[in-house]
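J.: Quick one: structure below, then a few questions.
Please treat every number below as a calculation from the coordinates, not as lab data. Note that the coordinates shown come from a computational prediction; the quantities given were computed from them, not determined experimentally. A quick note on method: Cβ atoms are made from the backbone with ideal geometry, for glycine too, and the neighbour counts reach across all protein chains shown.
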Ligand SMILES: Nc1ncnc2c1ncn2[C@@H]1O[C@H](COP(=O)(O)OP(=O)(O)O)[C@@H](O)[C@H]1O
Ligand SMILES: [Mg+2]
């Protein structure tokens with residue numbers, strides 16, 4: 001398949017307000033979203049249900065019009081261009097295959113709409129069928145295919161027109177868990193190979209981490225954070241992000257000194273230097289994010305003592321729920337050696353690895 | 001926020017104009033509805049509010065004659081609505097929930113009155129139950145006077161109960177059987193389930209059918225003309241005002257009186273009943289429906305249903321027998337004279353004209369219906385609800401009212417004066433003497449206007465079954481709105497399109513009240529000819545007309561089904577080789 005042209009997508013302060021009938025209670029589904037997506041980049045919009053992911057995607061695709069703000073594709077303002085003139089193709093959650101057409105005609109649809117010569121249509125469809133592992137299924141009807149195959153047809157139908165931007169709205173959420181993981185890596189491989197700018201919507205953080213070059217975490221119509229999967233996991237900018245991406249414990253930490261991206265804090269009785277998402281004046285009480293694997297339980301009476309409330313032995317890891325004063329924490333021991341597993345009801349000393357701690361500007365609750 | 005909304009509307013509008021085909025379609029549809037539906041109704045209301053109209057209003061309000069006419073109309077409407085809904089309910093309930101034999105046959109026969117031409121049932125009833133009735137006199141020796149409320153109630157109920165039957169059958173089928181099961185599991189008897197679960201759930205459907213039948217009954221013109229006798233109703237008085245007295249103002253005033261309850265019912269239907277009935281239906285019935293098979297329930301109900309079926313069979317038997325005999329019950333010699341009269345003689349012109357005009361109106365109505373359904377259900381624009389409402393008015397107002405409106409609006413050419421060019425005729429004279437096409441254009445328009453609403457509803461219902469993402473996928477792949485409509489939407493709503501076409505043709509062939517004022521000597525319409533024959537006592541000819549009309553409609557249904565196709569291509573079929 002030929003290299004598709006560029007595909008730089010820019011959102012400038014884009015907002016979308018749905019006015020409810022009756023005038024009252026307008027919904028601000030997308031709130032001043034600004035974002036630049038580079039050619040060939042795979043960006044995921046991630047967030048809880050109702051946070052405005054789908055609406056953002058529909059604004060990009062042209063099925064909704066922004067209430068304010070601009071959308072640019074390779075420098076051209078396309079905010080008011082109709083969706084069929086945007087050179088983008090969308091893969092839907094429901095697949096949205098044309099039920100009255102064969103697989104072949106489904107895939108050929110976009111090419112025929114563009115009046116591609118008959119011979120080319122035949123060739124390109126065959127090639128995509130092969131690429132997607134659908135060879136020999138051209139004459140089937142969509143309802144004669146399994147869910148995974150239907151999803152492949154939907155993807156093939158979008159790929160064959162070689163759009164500048166591919167859009168996905170939770171395309172895997174109708175598949176069972178195993179197939180989902182498999183399709184996930186197929187999508188990833190294809191996208192890397194074809195180098196098509198892609199915007200992917202999901203509420204599944206694992207899916208987002210597995211697929212994306214960058215993740216855009218959304219909440220209440222706004223962008224909370226943009227970053228690579230690692231950045232988002234290691235240096236979340238807010239409790240919301242830390243909580244949404246993976247699991248997190250929040251502990252209060254007193255700032256001693258603060259530099260850019262770094263702070264020295266007192267945490268669980270120790271003074272350590274940790275990464276920080278903002279400059280904080282000395283004396284401030286911030287929130288330290290500790291991933292479960294950053295916490296350690298040790299048989300050491302000099303450490304802060306916690307009570308083990310629950311022990312779950314999962315084979316390669318052991319998960320504990322422990323109580324520290326009023327707070328419950330999750331601790332994951334990724335290297336449980338025999339004899340080092342704490343039983344429920346036992347007391348243990350709580351320790352941590354400072355390198356993996358991240359400080360937020362929000363006060364702890 | 002207000003300016004924001006306005007800008008938004010402008011943007012919305014700009015977006016529609018960006019797609020020229022869609023925009024042109026929208027403009028055509030809106031203009032069509034304004035010219036053919038809104039303006040006639042408006043003209044009629046306007047006429048009734050002229051000084052003369054207002055005087056008439058006052059006169060009628062205080063005149064005992066008119067008060068009586070009004071009371072008669074309401075009385076007849078309520079009776080027909082009550083009995084018709086009850087009949088429809090019994091048939092529907094038995095059909096879905098009771099173990100009786102011959103269900104398919106019962107269903108088929110119950111639907112027969114829907115495709116019957118006007119006057120057929122009334123005339124047959126006259127021959128069966130009148131002074132010399134084959135049943136009342138020949139069998140029971142009674143010289144029964146069928147003219148008046150009793151006869152009217154009988155024929156109107158028989159003509160319109162199928163509407164209630166279909167309505168309620170759909171709702172009873174959609175009732176979640178799990179509810180029955182739950183109630184039965186809780187120890188309730190079947191009677192209790194019926195009383196406390198089934199009936200309350202169906203209240204919206206029952207109310208809806210009642211209102212529908214009420215409106216149909218008070219708007220009906222054909223039956224009161226034949227069987228009314230001294231029992232005058234609004235529809236017949238309107239007819240006399242135009243045909244006998246040439247007094248359009250009086251007709252307009254009376255029409256407004258008829259229009260008010262019709263519109264009220266339409267609005268209640270639309271904004272109350274359709275809304276509540278959605279709530280009560282789960283859409284995905286689960287569990288096995290409980291069938292009632294207690295003999296003490298089954299057989300009395302079966303007998304009642306069979307009585308209705310038998311009545312319908314006898315009435316249609318009379319229609320066919322009457323068409324093939326010299327004078328039924330007087331001279332029962334078999335003859336084809338009546339058919340000769342219709343096919344080769346005086347009636348052939350009407351037969352050809354009516355079929356031709358209906359055939360012209362049918363595809364237009366079908367396509368318009370689907371197009372409006374698409375614009376209303378799939379495109380976001382301010383005014384789509386108004387378009388839906390205005391289109392539905394075409395059938396919500398009684399036919400006589402539409403006919404008078406057409407007389408008022410199209411009896412002269414519609415002209416506008418433009419600078420430079422001068423006076424331009426936008427719409428030529430469509431009705432009365434020297435109208436274009438001998439008045440045929442107006443009749444075709446009325447056929448379309450009366451048929452589009454059913455096609456629209458069928459289209460909207462079909463569209464609501466189709467995931468909008470399928471159409472969005474097409475657009476996302478580069479197709480414009482028109483291409484999407486043609487390649488994706490239309491094929492997927494093909495069955496709705498077909499039923500829209502069938503309805504349009506059948507409706508056009510059998511309509512009377514809306515076109516009775518619009519026929520001209522140059523354009524003869526079968527239903528109007530039937531009325532002439534009935535009024536002159538030539539029942540044989542009338543019945544022959546009816547039989548031919550039914551045959552034409554059935555043939556057209558067959559042709560349409562073959563031409564359009566009954567499937568979408570999306571149906572699940574087992575193909576050899578497929579796993
Ligand atoms: N067409 C619409 N009309 C009114 N409100 C809408 C519409 N579409 C979405 N919303 C509202 O906008 C918000 C964001 O919705 P959506 O973008 O679908 O969220 P997500 O895809 O993240 O679950 C929700 O509150 C939703 O109710
Ligand atoms: Mg969504």
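J.: Expressed as a whole number of Å, what is the distance separating the alpha-carbon centroids of the stretch A:109-131 and the stretch B:404-475?
T.: The distance from the Cα centre of the stretch B:404-475 to that of the stretch A:109-131 comes to 42 Å.
J.: Could you work out, for the stretch A:9-234, what percent of all Cα-Cα pairs fall into each 5 Å distance bin, beginning at 0 Å and stopping at the bin that holds the largest distance?
T.: With a bin width of 5 Å, the distribution comes to 1, 7, 14, 18, 19, 16, 12, 8, 4, 1, 0, 0.
J.: Still on this structure: Taking only C-alpha pairs under 8 Å that are 6+ residues apart, what is the relative contact order of chain A in percent?
T.: 16 percent
J.: Counting only helical runs of four or more DSSP H residues, what would the 222 nm mean residue ellipticity of chain B come to if each run contributes -39,500 (n - 2.57) and the total is spread over all its residues?
T.: That comes out to -22500 deg cm²/dmol.
J.: Between rounded, prolate and oblate, where does the stretch A:73-127 land on the alpha carbon gyration tensor, with a ≥ b ≥ c its root eigenvalues, rounded for a/c under 1.5, else prolate if a/b exceeds b/c?
T.: Oblate is the answer for the stretch A:73-127, as a/c is 1.5 or above yet b/c matches or exceeds a/b.
J.: Nearest 500 deg cm²/dmol is fine: what mean residue ellipticity at 222 nm does chain A get from its DSSP H runs of n ≥ 4 alone, each adding -39,500 (n - 2.57), divided by its residue count?
T.: -7000 deg cm²/dmol
J.: Mind jotting down the distance between the C-alpha centroids of the stretch B:296-363 and the stretch A:343-365, whole Å?
T.: After rounding, the separation between the Cα centres reads 90 Å.
J.: Where does the stretch A:247-360 land on the Kirkwood hydrodynamic radius, alpha-carbon pairs, in angstrom?
T.: Hydrodynamic radius (Kirkwood, Cα only) of the stretch A:247-360 equals 14.5 Å.
J.: In degrees, nearest 10, range 0 to 90: what is the angle between the Cα axis of helix A:103-113 and the longest Cα principal axis of chain A?
T.: It works out to around 70 degrees.
J.: Something else now. Order by neighbour count: B:425, B:568, A:317, fewest other Cβ atoms within 10 Å first, most last.
T.: Least crowded to most crowded, the residues run B:425, A:317, B:568.
J.: Among A:298, A:260, A:64, which comes first, second and so on when ranked by fewest other beta-carbon atoms within 10 Å?
T.: With the fewest neighbours first, A:298, A:260, A:64 line up as A:260, A:298, A:64.
J.: What is the angle, in °, between the Cα long axis of helix A:147-159 and the longest principal axis of the Cα atoms in chain A? Nearest 10 is fine, range 0 to 90.
T.: On a 0 to 90 degree scale, this one is about 70.
J.: Would you order B:191, A:235, B:272 from fewest to most other beta-carbon atoms within 10 Å of each residue's own beta-carbon?
T.: With the fewest neighbours first, B:191, A:235, B:272 line up as B:191, B:272, A:235.
J.: Per the Kirkwood treatment, what hydrodynamic radius in Å, one decimal, follows for chain B from the mean inverse distance over all distinct Cα pairs?
T.: In chain B this quantity evaluates to 25.9 Å.
J.: What does the C-alpha gyration tensor say about the overall shape of the stretch A:40-118? Classify as rounded when a/c is under 1.5, otherwise prolate if a/b is larger than b/c, or oblate.
T.: Oblate, because a/c is 1.5 or more while a/b does not exceed b/c.
J.: Normalising by the residue count of chain B, find the relative contact order in percent from Cα pairs under 8 Å and 6+ residues apart.
T.: Computed over chain B, the figure is 20 percent.
J.: Note the angle between two axes, namely the Cα long axis of helix A:118-131 and the longest principal axis of the Cα atoms of chain A, as a number of degrees from 0 to 90, rounded to the nearest 10.
T.: 30 degrees
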